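Undergrad: Right, I'll just put the structure down here and ask away after.
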Amino acid sequence: DTTVKQNPRYKLARVGKPVNLICSQTMNHDTMYWYQKKPNQAPKLLLFYYDKILNREADTFEKFQSSRPNNSFCSLYIGSAGLEYSAMYLCASSRLGQDSYEQYFGPGTRLTVL
Amino acid sequence: GQGVEQPDNLMSVEGTFARVNCTYSTSGFNGLSWYQQREGHAPVFLSYVVLDGLKDSGHFSTFLSRSNGYSYLLLTELQIKDSASYLCAVRDRGASNTDKVVFGTGTRLQVSP
């Protein structure tokens, strides 16, 4: 199974409320990524886990949290959603190794904050 | 600063070819990937290059010039179904020896009959 799964596919949240997005893969990939994608913009890397090590981008450091309880699962957590968080959130995974920099993407979670 | 640039749109004709350009600027280049993304779907991996030159993968070929910070994706014998967005993504190796991936905004290719 080479698919990356994301739940939920659509999420509606109120301003100021928390949001938790889930991603899973069964390919035993060591790295999992979270991207934010807004219309007409490039996917923006928010953070990634290499094994158990979390790397967060400097400009989104305080806005997003993540956890990876095991190799297969990775979550993206927003403590207090703002209108600017409305976007598509893409999860991807990859395996470190020779010529294996292919990222497998999930279908995304479309978050709408009202 | 770091960045990946692509033209927004490209139009071509069925049966001919299309070249999607990508320019980038990074401090620790560790490879460049191309993805195809259809409307409403996740990006799908096409190719990865890290050495200079042309890599021929049949319908898709990729070229890289690291000294110029430039790559292109070449699609030959275009079909209508090749109409999609093509994203360029650059791996930038940081001080902690882990890679950050920076995407371009994508080029929307429209293939007409």
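Quick note: the coordinates plus some simple rules give every number you see, no bench work behind them. Because the structure is a prediction, the values reported are computed rather than measured. We place every Cβ from the backbone using ideal geometry, glycine too, and count neighbours over all the protein chains shown.
Undergrad: When only Cα pairs under 8 Å and 6 or more residues apart are kept, what is the percent relative contact order across the stretch B:1-74? Each step should come with its number before you reach the end.
TA: On the way: 117 pairs, mean separation 20.2, N = 74.
The normalised contact order for the stretch B:1-74 reaches 27 percent.
Undergrad: Could you give the length gained by full extension between residue A:10 and residue A:57, i.e. 0.36 nm per residue of separation minus their alpha carbon distance, to one decimal place? Write down the numbers at each step before the final one.
TA: Details: separation 47, 0.36 × 47 = 16.92 nm, distance 2.45 nm.
Extending this stretch completely gives an extra 14.5 nm.
Undergrad: In peptide A:52-59, what is the residue-averaged number of other protein chain Cβ atoms found within 10 Å of each Cβ?
TA: Numbers: counts 0, 2, 0, 5, 0, 1, 0, 0.
Other-chain Cβ atoms within 10 Å of each residue's Cβ, averaged: 1.
Undergrad: Which whole-Hz ³J(HN,Hα) couplings does the stretch B:69-85 yield from phi under the Karplus relation 6.51 cos²θ - 1.76 cosθ + 1.60, θ = phi - 60°, glycine and proline marked x?
TA: Karplus-based 3J(HN,Hα) across the stretch B:69-85 equals x, 9, 9, 9, 10, 10, 10, 10, 6, 4, 10, 4, 5, 6, 5, 5, 8 Hz.
Undergrad: Return the average number of partner chain Cβ atoms within 10 angstrom of each residue Cβ along peptide A:33-46.
TA: Values: counts 2, 0, 3, 0, 4, 0, 0, 3, 3, 12, 11, 2, 6, 0.
Counting other chains' Cβ atoms within 10 Å and averaging over A:33-46 gives 3.
Undergrad: Follow-up question, since we're still on this one. Under the definition of Cα pairs under 8 Å and six or more residues apart, what whole-number percent is the relative contact order of chain A?
TA: Working: 275 pairs, mean separation 43.3, N = 114.
Answer for chain A is 38 percent.
Undergrad: Sort out for me the Cα centre separation of the stretch A:1-40 from the stretch B:66-96, rounded to whole Å.
TA: Measuring centre to centre over Cα atoms gives 24 Å.
Undergrad: Please turn the phi angles of the stretch B:31-44 into ³J(HN,Hα) values with the Karplus equation 6.51 cos²θ - 1.76 cosθ + 1.60 (θ = phi - 60°), one per residue in order, whole Hz, x for glycine and proline.
TA: Along the stretch B:31-44, the couplings run x, 9, 10, 10, 10, 9, 10, 8, 3, x, 10, 6, x, 10 Hz.
Undergrad: Let me ask another. Mind checking which lysines have their C-alpha under 22 Å from residue A:44, skipping anything on the same chain fewer than 8 residues away?
TA: A:5, A:11, A:52, A:63, B:100
Undergrad: Could you derive backbone 3J(HN,Hα) for the stretch A:33-42 from the dihedral phi with the Karplus parameters 6.51, -1.76 and 1.60 (θ = phi - 60°), listing whole Hz in sequence and x where the residue is Gly or Pro?
TA: 10, 10, 10, 10, 10, 10, x, 6, 10, 6
Undergrad: Hey, can you grab everything whose amide H is under 5 Å from the amide H of residue B:14? Only 5+ residues off in sequence or another chain; H modelled, so Pro and N-termini drop out.
TA: Correct list: B:112.
Undergrad: May I ask you to list the chymotrypsin sites (Phe, Trp or Tyr not before Pro) in the stretch A:47-114 that are in a DSSP loop and have at most 15 other Cβ atoms within 10 Å of their Cβ?
TA: Numbers: sites: A:48, A:49, A:50, A:61, A:64, A:73, A:77, A:85, A:89, A:101, A:104, A:105; in loops: A:61, A:64, A:101.
For chymotrypsin sites (Phe, Trp or Tyr not before Pro) across the stretch A:47-114 that sit outside H, G, I, E and B with at most 15 neighbouring Cβ atoms in 10 Å, the list reads A:61.
Undergrad: Ok, one more. Once you have a ≥ b ≥ c as the square roots of the Cα gyration tensor eigenvalues for the stretch B:3-112, tell me rounded if a/c is under 1.5, and otherwise prolate or oblate according to whether a/b is larger than b/c.
TA: On the way: a/c = 2.16, a/b = 1.70, b/c = 1.27.
Because a/c hits 1.5 or more and a/b exceeds b/c, the stretch B:3-112 counts as prolate.
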